[in-house]
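Since the structure comes first, as structure tokens, the remarks are kept for the end.
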Amino acid sequence: MAEVIKMPRLSDTMEEGTVASWLKKEGDKVEEGDILAEIETDKATMEFESFYEGTLLHIGIQEGETANVDALLAIIGEEGEDISGLLDGSSADSDSKEADSSEETEEASAEAKEETSEDETSDDASSSEVPDGVEVVTMPRLSDTMEEGTVASWLKKEGDKVEEGDILAEIETDKATMEFESFYNGTLLHIGIQEGETAKVDSLLAIIGEEGTDVSGVISRLKSSGTKKETPKKEAPKKEAPKKQEAKKEEPKKEAPKKEESKLASKNTSSSDGRIFASPLAKKLAEEKGIDLAKVSGSGENGRVVRKDIENYTPAASGAGVQQFVATGEESYEDINNSQMRKAIAKSLGKSKFTAPHYYLNVEFDMENMIAFRGQFNQLPDTKVSYNDMIIKAVSIALKQHPQVNSQWFDDKMRLNNHVHIGVAVAVPDGLVVPVVEFANEKSLQQINAEVKELAGKARNKKLKPEEMQGSTFTISNLGMFGITNFTSIINQPNSAILSVGAIIEKPVVKDGKIVVGNTMTLSMACDHRTIDGATGAQFLQTLKTYIENPILMLT
């Protein structure tokens, strides 16, 4: 059966998107995970992948065209399948104006629509069954890789008044815990996903409408049919306009104190009067686990404690050093539910490892000159660059000379990037994120240092925005600070390579025929053999060696 693909919401503020390019054309075979198109949002140009397998039967939005979220983007189904009914349904509004030649025709069309099964026209049918002024809010797609989300906490409860821009809930995605705001005014009539529950993107999250409206029928129909994204957003502003005025007259005095309280939250999770700022779910979990909220560092807005802070909290991390007592000879274990981030890491790295033919190139560089250079460079006022900053700079310069290594693989083409965006792997409690230093080759060592510090801080506090983790052309993973001397990494697709950086170690080396004490560093580059041949990778590492062992060249 054919699947209708709609314009996705690729950021929390996205209302419309522009198709920058199609990577598939009508008639092409599509597999789950294939990149269908590049879509320009209000924040970035992002890749949109298919969740279905089949043939691309129809493209609804051409390259360069802009459409609202949920507009018909494409249809995927079996080759030769008749999709005329789906196309007619998607353009019913425009077609009805052209076919409005007689009242008899309209009546016949209406009767035909009533007889059509709900499965064939689920969007149109469900829209007509939603009462006027009622808005169905679904689980948003808050990152380009998000497939499901967990409600960390609700900031509104059923019966509360809601204004456009109010924060409804905190939603945990595969990359971060993010605030989700309302686009509508009214009363929160129904909550479809409770705190701590996980649901697929586009599942029923909430219903907002006029106070007292009966939405039981809407809820039962949505749950029974599995309908997604039914609310016609184009009509919402016209219907809601008078209600905005009513809400402003009745509610500002009630809502203002809540907003002021949220602004008073401090980074140490408590206010001057000793109140601790935490989500309801975090408070509940803390109570169940016997954790003192005052000792937990919050990662939410303004230091607010959220679910993950409680789940990741251990007495050892706070300096108590207390371990759970286990009697001798007694088996003991603890099951921890996989977070959205952990699920995403497992899926993406598993796909990379088993689809990209990895091979590894290992090199050892003399670090004497870099050690001396760093010591002299850091004597400049307000300057303290790290070895990692210098490696990022050296790699970015070398990549400009080897575009084949700075490439990306797609099913039907290879992309050689002329710009250099370096992904920097950062460890966080839930796993790993890769913020991106854009145009790294064009930045100074001081600029790279400042940007990496800022991005790493955001990553550890779960404040990274989706656009700050997208677009890398090459990735660096550094475990040298942990004393790891040699390791290999899995390629961060669609990049073609990732560089693993080990620790600088002091050991005997041979120089000018004599054994002396030296400092060396081992690097391992994992390459995708589909894009990078062995000789190509080796030539890149030779160029990199020139800059690492002669760092003064990075300043020219």
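The values are calculated or read from the model by the stated rules, or taken from the named source; none is laboratory data. Treat the numbers as computed from the prediction; the structure is a model and nothing was measured. Reconstructed Cβ throughout: ideal geometry from the backbone, glycine too, with neighbour counts over all protein chains shown. These area figures cover heavy atoms from the full protein model, side chains too; ligands, DNA and RNA do not enter into them. Shrake-Rupley method; radii C 1.70, N 1.55, O 1.52, S 1.80 Å.
Looking at this model, which pairs from Lys289/Lys463; Lys289/Lys384; Lys161/Lys453 are more than 30 angstrom apart at the alpha-carbon? Could the numbers behind the result be given before it?
On the way: Lys289/Lys463 26 Å; Lys289/Lys384 42 Å; Lys161/Lys453 40 Å.
The answer is Lys289/Lys384; Lys161/Lys453.
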Checklist outcome for this item: With a 25 Å threshold on alpha-carbon distance, the violating pairs from Lys308/Lys458; Lys462/Lys545; Lys343/Lys545 are Lys462/Lys545; Lys343/Lys545
Checklist entry - Using r as the Cβ-Cβ distance of Asn312 and Asn519, and R0 as 51 Å, what FRET efficiency do you calculate, to the nearest 0.05? => result 0.90
Checklist entry - Average projected area of the Cα convex hull of region 321-480, in nm²? => result 14.6 nm²
Next on the checklist: Antiparallel versus total DSSP beta bridges in region 402-556: what percent is that, nearest 5?
Outcome noted: 75 percent
Checklist entry - Hey, what do the phi angles of region 212-219 turn into as Karplus ³J(HN,Hα) couplings, whole Hz, using 6.51/-1.76/1.60 and θ = phi - 60°, x for Gly and Pro? => result x, 5, 7, 10, 4, x, 4, 4
Checklist outcome for this item: If amide H atoms are modeled at 1.01 Å from N in the peptide plane, then the residues at a separation of 5 or more from Gly133, or on another chain, having amide H under 5 Å from its own are none
Item to check | Unsatisfied cross-links (Cα-Cα over 32 Å) in the set Lys347/Lys507; Lys157/Lys353; Lys200/Lys400; Lys413/Lys465; Lys6/Lys284 | outcome: Lys347/Lys507; Lys157/Lys353; Lys200/Lys400; Lys6/Lys284
Checklist outcome for this item: Long-range amide H partners of Leu23, meaning residues 5 or more apart or on another chain whose placed amide H is closer than 5 Å, are Ala37, Glu38
Checklist entry - What ³J(HN,Hα) values, in whole Hz, does the Karplus curve 6.51 cos²θ - 1.76 cosθ + 1.60 give for region 479-487 when θ = phi - 60°, with x put for Gly and Pro? => result 10, x, 5, 9, x, 6, 8, 7, 7
Checklist entry - Taking H as built 1.01 Å from N, whose amide H comes closer than 5 Å to the amide H of Met178, not counting residues under 5 places away? => result Ile171, Glu172, Thr173
Checklist entry - For the residue pair Phe51 and Lys295, what label-to-label distance in nm results when each label sits 7 Å from Cα along the Cα-to-beta-carbon direction? => result 4.2 nm
Checklist entry - Taking the mean number of other Cβ atoms within 10 Å as a proxy for protection, how do you rank 449-457, 200-208 from highest to lowest? => result 200-208, 449-457
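Could you calculate the contour length gain from Asp132 to Lys284, that is, 0.36 nm times the residue separation minus the distance between their Cα atoms, to one decimal place in nm?
Full-extension gain reported as 51.0 nm.
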Item to check | Percent carbon-and-sulfur accessible area, region 510-556, ignoring ligands, DNA and RNA, probe 1.4 Å | outcome: 54 percent
Next on the checklist: Just to confirm the filter: which trypsin sites (Lys or Arg not before Pro) across region 1-67 are DSSP coil and have at most 11 other Cβ within 10 angstrom of their Cβ?
Outcome noted: Lys25
Checklist entry - So how strong a dipole does region 432-556 carry about its Cα centre when Lys and Arg Cβ are +1 and Asp and Glu Cβ are -1, to the nearest 20 debye? => result 360 debye
Item to check | Rounded FRET efficiency, nearest 0.05, which uses the C-beta distance separating Leu432 from Asp28 and R0 of 41 Å | outcome: 0.80
